[in-house]
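Take a look at the structure set out below.
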Amino acid sequence: MSATTADAELPDEAWPEEAAAEDVPGWRDVLRAENAKLRSIFRLVTLPALGVIVVLLVGISSANQQQRFVVSVPAHIPAAQAAQIRALQLSNAPDPLGIIFGGVVLAAVLFGCFGAYCACVEYSNGMIRSTLTAVPRRGRLFGAKLTAAMLAAAPAALASILVVFWIGDALLARHLGISVGAFEGRVLLRLFGAVVCLLGATALGFAIGMIMRSTAASIVALVFVYLFLIALLGAAVSHSVQEYLAPSLLGELLYLRDGGSGQPPLAAAYPLYLAWPLVFSAAAYLRFTRSDAG
């Protein structure tokens, strides 16, 4: 029997490498599986967390309005004089969107915690080894996990920002009879910036989670990196330099700009802010693809 005939008669099991290659799931299959894993997380974690975030943001917005806008006028003050006091208050009013979005920094940290949880959940329950066995191509698996986390966070970020904006604007109208439109001509751009701020924090938290592989340690590292890392360098760098480096300050620039000198332009704020999750994601990718599952 010739070698060609013998090769043709060999069963599929005799070619383990080719058989394994055929069994490797594709990108859509991996992404579908990761989305399925996050559905339960979304129901158990994301929806309650979203409610907490909205309540916190609305509470901070209302507190800011009460502190900065609402001034009690004694009842014995004549109506005409009270109207003058109110007009003077409005003329000195700060940026209304800055007041409405006063709690977005805290929300960004919470979204980052969600990203870290998405990255660490399989390490916590020991399912990561089974996942790596089913999907041996780690680069594909990393991309699917990150994409699934961002797909879960995107509607939550958009919903929370819109709800807080609408409620905050309604509170402004109730307290002062004004709306954001009277002050801000580029509302949609700043709403978009607030959503990007939350999603960037989600990606940063995910990357830190894939590096640390522990939910608690990842959350501590996220809070340190997002809020305090650059601030600790305050003695070495000026505040204007910190605004080009600190992720929390860069994130604020996406939706809150006071026009102060030394601020990076908006065209630079986006890449500078997104550089943080990109750099950490690159480090997480290298760790995930070049180390074991432990």
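In segment 67-149, counting only helices (runs of 4 or more DSSP H) that sit wholly within it, the ones holding 3 or more residues that are under 20 Å from the mean Cα position of the chain (by Cα) and modelled with pLDDT under 90 span 96-100, 104-125. Here is the figure for segment 165-175: residues that are among the hydrophobic types (A, V, I, L, M, F, W, C), surrounded by 14 or more Cβ atoms within 10 Å (Cβ to Cβ) and either at pLDDT below 85 or under 14 Å from Leu110 (Cα atoms) (or both) total 3.
The values are calculated or read from the model by the stated rules, or taken from the named source; none is laboratory data. Only a predicted model underlies this, so the values are computations on that prediction, with no experimental measurement involved. Cβ: placed from backbone, ideal geometry, glycine included. Neighbour counts: every protein chain shown.
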